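S.K.: Take this structure first; my questions come after.
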């Protein structure tokens, strides 16, 4: 029986900083659409593309990220950050890269005094870099747009 890639397989880097996440998402919105002539499909039109996501971190990993924010002078200074995720299991690999991210604090307190779960913080991010997003080393956007 072979092992498969799961959420536990992933390692994440914010620039060169290795972080452990409780949860991570990255969503792409692509507004490209079909062009119609008299109600019939007639090619397509490129629309704008955007990407955004969330990272949920425990207190230890928020402390690591705080050091980056401090060197940038503020939490709003966390711009132009590259996010890289890598998972390798039994020779199968997946990579996700988001370039030039703007990181924003979102849910900075999530603590249940009656629970046994780690306190976490959520960060949201928007992808702003020209390289946009790569999945398994392949760019989402064609080079011809730049």
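S.K.: Which percent, to the nearest 5, of DSSP beta bridges fully inside the range 62-121 are antiparallel?
M.R.: Counting only bridges with both partners in the range 62-121, antiparallel ones make up about 100 percent.
S.K.: Provide the packing ranking of 132-138, 95-101, i.e. peptides ordered by the mean count of other C-beta atoms within 10 Å per residue, highest first.
M.R.: Descending mean neighbour count gives 95-101, 132-138.
S.K.: Continuing with this model, one more query. In degrees between 0 and 90, to the nearest 10, how far off the longest principal axis of the chain does helix 59-72 point, with axes built from Cα atoms?
M.R.: 70
S.K.: Here are some values of Rg and Dmax of the Cα atoms in Å: (1) 18.4, 62; (2) 14.2, 44; (3) 17.2, 63. Which one was computed from this structure?
M.R.: After the calculation, the listed value that fits is (1).
S.K.: A further question follows. Considering the range 29-86, what Rg and Dmax in Å follow from its alpha-carbon atoms?
M.R.: So, for the range 29-86, Rg and Dmax equal 20.0, 59 Å respectively.
S.K.: Now, a different point. Rounded to the nearest 0.05, what FRET efficiency do residue 70 and residue 141 have when you use their Cβ-Cβ distance and R0 = 41 Å?
M.R.: 0.80
S.K.: Follow-up question, since we're still on this one. Can you figure out the FRET efficiency of residue 13 with residue 34, using R₀ = 35 Å and their beta-carbon distance, to the nearest 0.05?
M.R.: The formula returns an efficiency of 0.40 here.
S.K.: In square nanometres and to one decimal, what's the mean projected area of the convex hull around the Cα atoms of the range 85-141?
M.R.: Result: a mean projected hull area of 5.8 nm².
S.K.: Could you work out the pair-distance distribution P(r) of the range 72-116 from its alpha-carbon pairs, with 10 angstrom bin width and percents rounded to whole numbers?
M.R.: It works out to 20, 29, 26, 24, 1, in whole percents.
S.K.: Show that you can apply the helix-only estimate: for the chain, add -39,500 (n - 2.57) for every DSSP H stretch of four or more residues, divide by all residues, and state [θ] at 222 nm to the nearest 500.
M.R.: The per-residue figure over the chain is -3000 deg cm²/dmol.
Every number in this text was worked out from the coordinates using simple rules, so none of it is lab data. As the structure is a prediction and not an experimental result, all values here were calculated from the model. Glycine gets a Cβ as well: all are built from the backbone with ideal geometry, and neighbour counts include every protein chain shown.
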